[in-house]
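J.: Input: one structure, supplied below.
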Amino acid sequence: MALSEIKERVAKAERAAGRAAGSVTLIAVSKVQPNARVEAVLEQGHRVFGENKVQEAAGKWPEFRTRFQGVEVHLIGPLQTNKARQAMELFEAIHSLDRPKLATTLARLAQDIGQCPDLFIQVNTGEEEQKAGVLPAQADDFVSECRGLDLPVKGLMCIPPVDEEPSLHFALLGKIAARNGLTGLSMGMSSDFESAIALGATHVRVGSAIFGERDYG
Ligand SMILES: *Cc1c(COP(=O)(O)O)cnc(C)c1O
């Protein structure tokens, strides 16, 4: 099955980069996938998953969590402030902290709830109009702002432009993280996770290579 193959490739990329075994967390991106495929991956013992929509995650994970111990679900898609509370209750990590208004909302809710998921700040490394994330030039200020709000920022996240060499973006994200003293790097998907690991990824988000193509039909 594809999961074991991807796990082997992650391990091999860790070794090739001289990194410790297990230093990279494989997030199995289950968005849009039929429950049977997700269940098959759970049955094989995998526990870390990624979803890009609050609503979709709310519809499938509470049930899976009752049947499988130790599940961890990461939100990897954009988050509207009016869904922030629900997201904080559903996810162990949020990879899409991308603007001041969301940061202040999460900080207020964290006070209220008494806990907060691990956070990754999304950086729009390709400076694409249609893509979420803070611009590279604003990243340092935004990291400080989030720290000032006592938010548990673990690292940075990026989604490189489809038509560009991803390694340039991975390297840029790594540089921004290093100068801000951040160790977490959420980068790399099905087609480029090995190159992301070579450039320091701590979290790779792999969907179709594990589950098969998504059917949006
Ligand atoms: C869907 C998605 C992925 C997984 O993409 P694949 O190419 O299927 O591995 C990774 N990251 C984000 C933010 C996504 O939305």
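J.: Rounded to the nearest whole Å², what accessible area per residue is found for the range 129-217 with the 1.4 Å probe?
T.: Values: 4280 Å² over 89 residues.
Heavy-atom accessible area per residue stands at 48 Å².
J.: Here is a further query. How many nm separate the modelled label positions at Glu56 and Glu72, each set 7 Å beyond the Cα in the direction of the Cβ?
T.: 2.2
J.: List the lysines whose Cα lies under 19 Å from the Cα of Lys175, skipping any in the same chain that are fewer than 8 positions away.
T.: Lys154
J.: If you average the C-alpha positions of the range 185-211 and of the range 111-179 separately, how far apart do those two centres end up, in angstrom?
T.: 16
J.: Leaving out ligands, DNA and RNA, and with a 1.4 Å probe, what % of the accessible surface on the range 27-188 is carbon or sulfur? Display every interim value, and only then the final one.
T.: Details: 3500 of 7330 Å².
In the range 27-188, the share of accessible area belonging to carbon and sulfur is 48 percent.
J.: Give me a comma-separated list of calculated 3J(HN,Hα) values for the range 30-40, in order, Karplus coefficients 6.51, -1.76, 1.60 applied at θ = phi - 60°, integers in Hz, x for any Gly or Pro.
T.: 9, 3, 6, 6, x, 3, 4, 5, 5, 4, 4
J.: Tell me, what ³J(HN,Hα) does each residue in the range 42-53 have, in order and in whole Hz, if you take phi through Karplus 6.51 cos²θ - 1.76 cosθ + 1.60 with θ = phi - 60° and put x for Gly and Pro?
T.: Going residue by residue, I get 4, 4, 7, x, 6, 10, 10, 10, x, 10, 10, 9 Hz, with x marking Gly and Pro.
J.: In whole Hz, what ³J(HN,Hα) sequence does the range 204-217 give by Karplus (6.51, -1.76, 1.60; θ = phi - 60°), x for Gly and Pro?
T.: Residue by residue, the range 204-217 yields 10, 10, 10, x, 4, 5, 8, 9, x, 4, 7, 9, 7, x Hz.
J.: Roughly how many Å² of Val29 are accessible to a 1.4 Å probe, to the nearest 10?
T.: 10
J.: Given the -39500 (n - 2.57) contribution per DSSP H run of 4+ residues, what per-residue ellipticity at 222 nm results for the chain, rounded to the nearest 500 deg cm²/dmol?
T.: On the way: 9 runs with 96 residues, N = 217.
Computed ellipticity for the chain at 222 nm equals -13500 deg cm²/dmol.
J.: Next up: With Kirkwood's inverse mean 1/r over C-alpha pairs for Rh, give me the Rg to Rh ratio of the chain, two decimals please. Could the numbers behind the result be given before it?
T.: Details: Rg = 16.6 Å, Rh = 17.5 Å.
Over the Cα atoms of the chain, Rg/Rh equals 0.94.
J.: Please compute the length gained on full extension between Ala20 and Lys83, using 0.36 nm multiplied by the number of residues separating them and subtracting their Cα-Cα distance. The partial results should precede the final answer.
T.: Numbers: separation 63, 0.36 × 63 = 22.68 nm, distance 3.67 nm.
Taking Ala20 through Lys83 to full extension adds about 19.0 nm, to one decimal.
J.: Another one. Given the whole protein assembly as supplied and a 1.4 Å probe, what does the accessible area of Asp163 come to in Å², nearest 10?
T.: 130
J.: Another question, if that's okay. Given a cut-off of under 8 Å on Cα pairs at least six residues apart, what relative contact order in percent is computed for the chain?
T.: Numbers: 379 pairs, mean separation 47.3, N = 217.
Here the relative contact order equals 22 percent.
The values are calculated or read from the model by the stated rules, or taken from the named source; none is laboratory data. Computed from a predicted model, the values in this text were never measured in an experiment. All Cβ positions, glycine included, derive from the backbone under ideal geometry; neighbour counts span all protein chains shown. The area values use the complete protein model at the heavy-atom level, side chains included, leaving out ligands, DNA and RNA. Shrake-Rupley method; radii C 1.70, N 1.55, O 1.52, S 1.80 Å.
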